[in-house]
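Colleague: Before I ask anything, here is the structure I am working with.
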Amino acid sequence: MPDPTTLNSAEDATVLIVEDSPTQAEQLRWLLEDSGFTVLAARDGQEALEIARAKRPSVIVSDVMMPKMDGNELCLAVKSDPAIKSIGVILVTALSSPHDVFKGLEAGADNFLVKPYQEEQLISRIRYLLATETERNARQHETGIEIQLAGKRHLITSGRQQILDLLISTYEQAVGLNEQLEIRQRELAQSNKTLNALYDLAGGFNHCRTEEEVAGFAVKGALSIPSVRAAWLYLRDGDGYRLAGLAGNVELKDMDASSGNCACQRMLDGGELTGTEHIQQCECLKAASPGNPCGHVGIPLMVDGAGVGLLNLISDNPDGSFSADQRRMLASIGIQIGDALQRARFQEVLEEKVAERTRQLEAEIGTRRQAEDAADAAKERLLDAIQSINDGFALYDAADTLLVCNSGYRDMHFAIKDLVVPGVKFEDLVRAGLDCGDGPAVSPSEMQVDARVAQHRQADGTPTILNRGGRWLMLTERRTREGGIVAIETDIAELKKADIAKDEFLAKVSHELRTPLTPIHGALAIIKSGKVADQPEKLNDLVDMAIRNSARLMSIVNDLLDFTRISSGRFSLESGVIDLQSLLEQVVENKRIGPNPPTITLTVTPPAKGIKLEADSNRIQQVLDNLLSNAIKFTDCGGHIEVDVEKRKKALRVSVVDHGPGIPKEFQDRAFEAFSQADSSSTRRQGGVGLGLSICKSIMEAHGGTIGFASKEGEGTTFYFELPLGHRHRVSGKEQQCNEGARARHGKPASSGRRAALGA
Amino acid sequence: MSEKLERLTCVEDDPDIRSITEFALRDLGGFTLDVCASGPEAIERTPDFNPDLIILDVMMPGMDGIETLKRLREIPKLAKTPVVFMTAKAMKHEIDRYMALGAEEVIPKPFDPLMLPDRVGEIWQRATSKQA
């Protein structure tokens with residue numbers, strides 16, 4: 001094949017273009033004229049044939065598909081006309097099917113050009129035809145070859161050269177297509193990388209929570225887009241901009257407010273930057289480094305239609321520019337960043353609001369928790385207090401359901417203790433309690449239940465005394481402000497006992513007072529009647545009797561007074577320094593007076609002689625008098641009683657020893673208890689209210705001393721008391737009262753004798 | 001049973017009250033009176049004395065009036081002899097108890113010695129008419 005570059009110049013060559021599209025015809029004309037050809041043009045085969053016959057061009061370049069006469073018919077007509085058959089014909093075909101090729105070959109076309117073609121290809125074919133013109137024309141027509149193809153018969157009369165040309169043309173076409181394919185593939189790969197980068201960016205923005213994160217992520221992500229060398233991002237900040245992110249190989253001069261905005265920022269401010277624009281001269285780039293490219297692409301970042309910033313990119317091209325396609329793709333980044341910024345701002349506002357609300361809630365929770373803690377503590381304290389009281393406490397709600405109660409309340413419902421739990425109905429408790437025998441009747445009736453419930457509901461705060469299961473209780477029920485009922489039950493067993501004891505005491509006192517009153521009243525009545533007026537001796541006896549029993553009465557009354565004082569804590573001493581021995585002698589002497597007195601021996605052991613100590617002399621006399629009276633009571637006429645005084649380590653002990661029947665064992669523990677008498681039935685040997693020893697004990701305790709006894713049944717009893725030596729006991733300010741009592745007792749004649757004895 | 005109240009037994013431990021009672025019933029009332037200082041003394045002497053009416057104190061050492069009454073009742077000839085308690089223990093419930101034990105009447109102390117003979121006479125009359 002001759003080298004096209006060595007062929008004749010095209011200056012004298014004329015090319016006929018056959019093309020029905022005027023635009024394409026014009027393009028071709030422009031191309032061919034540019035290459036130095038003279039160009040003719042025809043709109044269809046018919047016209048072309050006429051021009052060919054008239055102008056005799058060197059080469060016809062004909063489209064195949066045309067109205068009136070197509071390319072193949074034109075070719076056939078040219079090759080059939082001996083006058084013009086030497087003109088080279090190039091058919092421009094889409095080569096859509098083999099038939100087209102064979103039709104062309106049948107028509108005798110010299111060369112083929114497959115659409116789409118490269119301009120150089122067309123030029124080289126034309127030149128080739130021109131170069132081989134002589135050769136072609138010298139060629140004899142060879143015998144046609146019949147070819148069967150797809151059920152159609154083709155007779156190809158083309159010479160070998162023609163077919164070779166077709167093959168070469170086809171090969172060139174294939175090579176050209178392959179090259180284009182590779183370019184497309186590269187472009188596709190590039191686009192793919194770009195799309196992936198954009199996709200990653202879009203996905204990554206979802207994780208950005210602040211503007212700074214969005215900016216940082218945007219510039220890093222932009223850098224992963226192919227051919228992006230550097231990226232930086234400005235965000236509007238007041239009147240100016242701040243650099244929010246920078247990545248890649250670029251130096252930037254910080255454009256502060258004083259240095260003014262650079263071109264891209266001015267464009268954004270002016271509303272000129274609506275899409276991705278190439279900005280030729282950027283001040284900040286230029287100012288920063290002479291190595292920087294002079295331009296960049298600016299992508300506006302829009303939020304709610306307002307430009308809030310811009311992303312600038314420079315490519316790895318020397319001028320930093322991007323192709324139009326790339327710019328289109330990059331525009332989408334701007335939209336993504338804008339959305340992300342909006343989200344971040346919203347998120348920031350939201351987070352701030354959430355944080356603020358959280359703080360408020362935490363504060364509220366804190367306050368509430370404090371209040372709750374305080375309420376809990378108060379409740380605990382209240383429950384503790386309720387629990388700690390001895391009384392039974394219960395709170396029922398307005399529906400009469402037990403809300404809370406203490407263990408005291410449960411104890412007071414002992415028979416149904418397990419039922420008394422919060423949640424139980426009052427009525428059920430009453431019924432269960434009556435069934436367990438809490439009430440007076442053996443078989444409780446509904447009427448009783450109703451009565452108790454009615455009383456409970458009245459809850460007027462009136463205390464009620466009731467006996468529940470043998471236990472005396474005082475019950476008070478009151479309405480609460482909420483309509484519930486508070487029940488307080490107090491165990492009054494002790495009060496009840498005291499009440500009974502008081503009744504017994506009164507009965508006893510009444511009897512003891514009546515006993516001496518009987519002879520007093522009797523004697524006086526007889527004297528007054530005048531029936532013994534003439535019997536002076538009898539009259540005298542009766543008067544003595546009245547006086548004696550009056551003294552007995554007085555003694556009992558004094559004991560009662562002493563006892564009352566001791567019980568009410570008003571008992572006190574009138575202390576002074578006393579000579580115990582002489583005091584005792586006096587008491588003993590008094591006891592020796594009277595009818596049938598026993599023999600009383602007072603023995604004072606030598607070290608105890610003449611010892612003085614501090615005590616209430618009247619009270620000490622009272623104690624010894626009492627002990628002696630008791631001893632006399634249990635001593636038969638003519639018997640012996642001994643009084644011994646001895647000095648012990650820190651006390652003086654006075655003992656009264658009798659040889660009577662002794663104190664029964666079962667009574668010994670109670671000997672000093674008030675109102676106790678060995679024989680509490682109606683058979684006691686001697687009268688008395690049973691207060692004497694109890695009073696003696698109190699007197700000794702007030703002196704800081706002790707009192708006690710030793711007794712053996714059938715052998716006798718030794719009562720003793722001990723007074724501390726050198727002990728200064730308390731002297732209360734209530735001496736006056738005590739003095740009066742003492743004077744009343746001891747101001748009486750000593751002759752009251754044994755009849756004035758106190759009860760044991 | 002006699003037609004008229006003549007013989008009385010009185011059991012009383014307090015010597016002064018005993019004196020008053022003796023004066024009232026013997027000197028003023030003119031009854032034939034046997035005075036006992038204790039329950040055992042009464043049980044020993046009363047069957048022989050065989051009184052028309054017995055007056056008992058309640059509070060006495062050793063054996064009280066109630067025990068004494070029970071023991072006297074065990075003696076056949078005294079089983080129906082009217083008994084009167086004369087006591088300082090004369091509260092309502094105590095009186096009820098004595099009556100339940102078969103006492104004819106209770107005379108509380110202190111009593112009026114001048115009225116005692118008539119009082120005792122009335123009680124005897126009532127008891128006698130009841131028995132008849």
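None of the figures in this text is laboratory data; all of them are computed from the coordinates on show. It should be emphasised that the depicted structure is a prediction, and the values quoted were computed from it without experimental measurement. Cβ sites come from the backbone with ideal geometry, for glycine too, and all protein chains shown count toward neighbours.
Colleague: Based on the Cα coordinates of the range A:501-629, what is the per residue volume of their convex hull in Å³?
Modeller: Values: hull volume 20.2 nm³, N = 129.
Here the figure is 156 Å³ per residue.
Colleague: If you don't mind, another one. Between A:I485 and residues 5 or more places away or on another chain, which pairs have amide H atoms under 5 Å apart, with H built 1.01 Å from N, and which residues are they?
Modeller: A:Y396, A:D397, A:T480
Colleague: Next up: Considering the options A:T480, A:I500, A:H521, tell which one lies farthest towards the positive end of the dipole of the range A:478-546, charges being +1 on Lys and Arg and -1 on Asp and Glu at the Cβ, about the Cα centre.
Modeller: Sorting the options by dipole projection puts first A:T480.
Colleague: Working from the alpha-carbon coordinates of the range A:332-473, get Rg over Rh, Rh being the Kirkwood radius. Walk me through the numbers before you get to the answer.
Modeller: Details: Rg = 29.4 Å, Rh = 20.1 Å.
With Rh from the inverse mean 1/r over Cα pairs, Rg/Rh is 1.47.
Colleague: So, one more: Short version: ³J(HN,Hα) in whole Hz for each residue of the range A:200-214, in order, from phi by Karplus 6.51 cos²θ - 1.76 cosθ + 1.60 (θ = phi - 60°), x for Gly and Pro, what are they?
Modeller: 4, 4, 4, x, x, 4, 4, 8, 7, 10, 10, 4, 5, 5, 4
Colleague: Taking the DSSP beta bridges in the protein assembly as shown as the whole, what percent of them are antiparallel, to the nearest 5?
Modeller: 65 percent
Colleague: Could you quote the convex hull projected area for chain B, Cα atoms only and averaged over all directions, in nm²? Before the final figure, lay out the partial values.
Modeller: Working: hull surface 28.8 nm².
For chain B, averaging the hull's shadow over all directions gives 7.2 nm².
Colleague: List the pairs from A:K538/B:K130; A:K85/A:K115; A:K508/A:K665 whose alpha-carbon separation is above 28 Å, in the order I gave them.
Modeller: Among A:K538/B:K130; A:K85/A:K115; A:K508/A:K665, the Cα-Cα distance tops 28 Å for A:K538/B:K130.
Colleague: While we're on this one: For the range A:471-480, just list the computed ³J(HN,Hα) in residue order, Karplus coefficients 6.51, -1.76 and 1.60, θ = phi - 60°, integers in Hz, with x standing in for Gly and Pro.
Modeller: 10, 8, 10, 10, 10, 10, 10, 9, 6, 8
Colleague: From the phi of every residue in the range A:110-126, what ³J(HN,Hα) in whole Hz does the Karplus formula 6.51 cos²θ - 1.76 cosθ + 1.60 yield, where θ is phi - 60° and glycine or proline is x?
Modeller: Calculated HN-Hα couplings, in order: 7, 7, 10, 10, 9, 6, x, 10, 8, 4, 4, 4, 4, 4, 5, 5, 4 Hz.
Colleague: Convex hull over the Cα atoms of the protein assembly as shown, averaged projected area in nm²?
Modeller: Over every viewing direction, the Cα hull of the protein assembly as shown projects on average to 91.5 nm².
Colleague: Here's a follow-up. Can you check what the net charge comes to around A:D20, using other residues whose Cβ is under 15 Å from the Cβ of A:D20 (Lys, Arg +1; Asp, Glu -1)? Walk me through the numbers on the way to the answer.
Modeller: Working: positive: A:R29, A:R43, A:K68, A:K115; negative: A:E19, A:E26, A:D44, A:E47, A:D63, A:D70, A:E73.
The answer is -3.
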